[in-house]
Amino acid sequence: MNWTTYTSKFTSILEGTYTEKPYDNPEYVEYVKLNNSRLNRWDKKLVIPEEALATIESINEPQTWILIVEHWCGDAANLAPVINKIAESNDNITLDIQLRDSEPFLIEQYLTNGGKSVPKLIVRDSKGNDLFTWGPRPAECQAMVMSNKDADMTAQEKKAAIQVWYNKDKGQSTFNELAALIAETIPVVA
């Protein structure tokens with residue numbers, strides 16, 4: 001699906017016209033409500049750093065960026081707008097959004113430490129070869145999550161710490177990490 005279809009599905013879930021599992025559960029609908037708000041805020045506020053933008057603009061051959069997400073996922077609400085902003089900044093990037101829990105279950109081929117962590121980004125060239133994968137979150141945030149895993153914190157406190165990190169970072173780590181991966185895949189012209 002494209003960005004418009006993905007974002008409109010938030011409305012379908014919140015209006016109750018899409019009620020497939022797990023969106024038949026009011027708890028998940030609350031996650032979707034919160035994530036819709038986060039996604040819309042980031043969609044309006046994000047600014048690509050100039051250095052990262054220069055690297056993104058240097059992509060001169062078609063690529064498909066497959067983003068695996070779910071509407072209930074808080075990380076996806078914070079990171080999908082960053083990836084969409086990058087895709088919008090270069091006509092050579094086609095963004096294809098797929099849901100983790102729906103066919104074709106592409107996530108099964110891109111597990112993170114054996115788990116179905118999302119968001120997961122797969123970047124492919126025009127021949128369908130994987131150039132790189134990224135996700136489920138920026139390295140600094142992932143390190144914090146791992147260190148908090150065994151900390152004496154409630155689940156809510158852990159989630160709050162992640163959101164504080166995203167709010168402070170403003171997408172910059174993700175822009176920079178993806179720009180670095182792009183730079184590694186673009187042939188150097190002598």
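The table that follows gives values for the structure above.
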read-out: Separation between Cα centres of the stretch 57-76 and the stretch 77-127, rounded to whole Å; value: 4
read-out: On Cα atoms only, tilt of 26-45 relative to the major axis of the chain in degrees; value: 40
read-out: Extension gain from Gln142 to Ala180, taking 0.36 nm per residue of separation minus the Cα-Cα distance; value: 11.9 nm
read-out: Sequence-distant residues sharing a close amide H with Phe132 (under 5 Å, placed H); value: Val123
read-out: Calculated FRET value between Thr64 and Ser8, using beta carbons and R₀ = 25 Å, to 0.05; value: 0.75
read-out: Fraction of beta bridges assigned by DSSP in the stretch 49-190 that are antiparallel (%, nearest 5); value: 60
read-out: Extension gain from Lys21 to Phe105, taking 0.36 nm per residue of separation minus the Cα-Cα distance; value: 28.7 nm
read-out: Fully extended contour minus Cα-Cα distance, from Ser89 to Lys44, at 0.36 nm per residue; value: 14.8 nm
read-out: Tilt relative to the chain, helix 74-88 - C-alpha long axis, 0 to 90 degrees, to 10; value: 30
read-out: In Hz, Karplus ³J(HN,Hα) per residue of the stretch 57-67 (6.51, -1.76, 1.60; θ = phi - 60°; x = Gly, Pro); value: 5, 7, 5, 10, 10, x, 9, 10, 9, 9, 10
read-out: Cβ-based exposure ranking for Phe10, Phe105, in which fewest neighbours within 10 Å come first; value: Phe105, Phe10
read-out: Reported label for calculated Cα Rg over 2.2 N^0.38 Å given [x] 0.96; [y] 1.03; [z] 0.91; value: [y]
read-out: Other-chain or far-sequence residues with amide H under 5 Å of Ile93's (modelled H); value: Gln63
read-out: Inter-centroid distance (Cα atoms) of the stretch 1-26 relative to the stretch 142-190, Å; value: 26
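Laboratory data are not the source of any read-out in this text; all were calculated from the coordinates shown. None of these values were measured; they are calculated from a predicted model. Using ideal geometry, Cβ is built from the backbone for each residue, glycine included, and neighbour counts are taken over all protein chains shown.
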